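Notes for the one structure printed next.
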Amino acid sequence: MKSATPAATTAPAAIEDGGHAAAATPAVGLLTLGGVMAAIAIFIALNYALGITDNWVGFLFLTYWGSVEQLKLEQLPKCILGALVGLLAAYGLQALPPLMGPAGFALALGVILVLVYCLIMGWWPIAVNTCAMLFLTVTTIPMLQAGPGLLKLFPALGTGVAYFAVLAWIIHAFTKRSASRRAT
């Protein structure tokens with residue numbers, strides 16, 4: 001049997017960064033884990049203090065922005081608008097049928113089809129993007145659609161966006177400052 005290839009023995013962080021990153025030491029990994037735990041605990045406490053029970057909305061936003069867009073601040077507006085478009089489309093699917101009957105369902109479905117067509121054509125990518133489709137997909141889960149209302153998800157999204165954007169900005173500022181110190 002052949003031995004493991006070099007790619008198979010590379011540290012996970014190095015693999016995710018195209019093989020260019022050095023693996024973190026166990027101590028740095030534990031410190032990072034502690035920081036992540038503190039950030040999550042603060043976010044959950046903030047949501048609790050604000051009466052927001054749907055923490056998952058902020059975490060869904062963070063998951064997309066962090067893993068797909070790598071927490072790049074220049075991608076933040078695109079992610080925010082995409083999440084809002086997805087939530088609004090799902091809200092239309094929940095709110096319009098009870099108000100307008102089958103015509104409301106047809107209208108909401110028509111809007112979703114237009115959004116999908118815009119995504120396919122690459123039109124209006126600042127707001128109709130993968131983040132929009134992620135939020136639309138998740139918020140059209142039948143249990144969420146049957147719930148008390150998707151309107152309560154907007155404050156949850158806003159809190160998550162604000163919290164994680166400020167946190168990312170602080171992290172970027174410290175890493176930039178640290179990198180400039182190492183360069184001198």
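All but one of (1) exposed (fewer than 15 other Cβ atoms within 10 Å of the Cβ); (2) in contact (Cβ under 8 Å) with a residue 60 or more places away in the chain hold for residue 147, so report the exception by its number.
(2)
Any chance segment 2-17 includes a residue that's of a type in the set (Lys, Arg), modelled with pLDDT of 95 or more and out of contact with any Lys or Arg (no Cβ under 9 Å at 6 or more places or on another chain)? Step through it out loud before you land on a result.
We begin by selecting, within segment 2-17, every residue of a type in the set (Lys, Arg); these are 2.
Retained after the next criterion (residues that are modelled with pLDDT of 95 or more): none.
Looking through segment 2-17, none of the residues is of a type in the set (Lys, Arg), modelled with pLDDT of 95 or more and out of contact with any Lys or Arg (no Cβ under 9 Å at 6 or more places or on another chain).
For segment 85-184, list the helices (runs of 4 or more DSSP H) that sit wholly inside it and hold at least 1 residues that are under 21 Å from residue 62 (Cα atoms); which are they?
Values: elements: 102-121, 130-139, 142-145, 153-183.
Fully inside segment 85-184 and qualifying: 130-139, 142-145, 153-183.
From the list 90, 132, which one is more than 30 Å from residue 173 (Cβ to Cβ) and of a type in the set (Gly, Ala, Ser)?
On the way: 132 fails: more than 30 Å from residue 173 (Cβ to Cβ).
Answer to the selection: 90.
Could you give every pair whose Cβ atoms fall below 7 Å, whose first residue belongs to segment 48-74 and is closer than 20 Å to residue 133 by Cα, and whose second residue is among the hydroxyl-bearing types (Ser, Thr, Tyr) and surrounded by 12 or more Cβ atoms within 10 Å (Cβ to Cβ), counting only separations of at least 6 or pairs across chains?
Pairs found: 58/159; 58/163; 68/130.
List the number of the failed condition for residue 160; all other conditions in (1) more than 29 Å from residue 32 (Cα to Cα); (2) crowded, with 18+ Cβ neighbours inside 10 Å; (3) touching a residue at least 60 places away in the same chain (Cβ under 8 Å) hold.
(1)
The values are calculated or read from the model by the stated rules, or taken from the named source; none is laboratory data. This one's a predicted model, so the numbers in the text were calculated from it and none came from an experiment. Cβ sites come from the backbone with ideal geometry, for glycine too, and all protein chains shown count toward neighbours.
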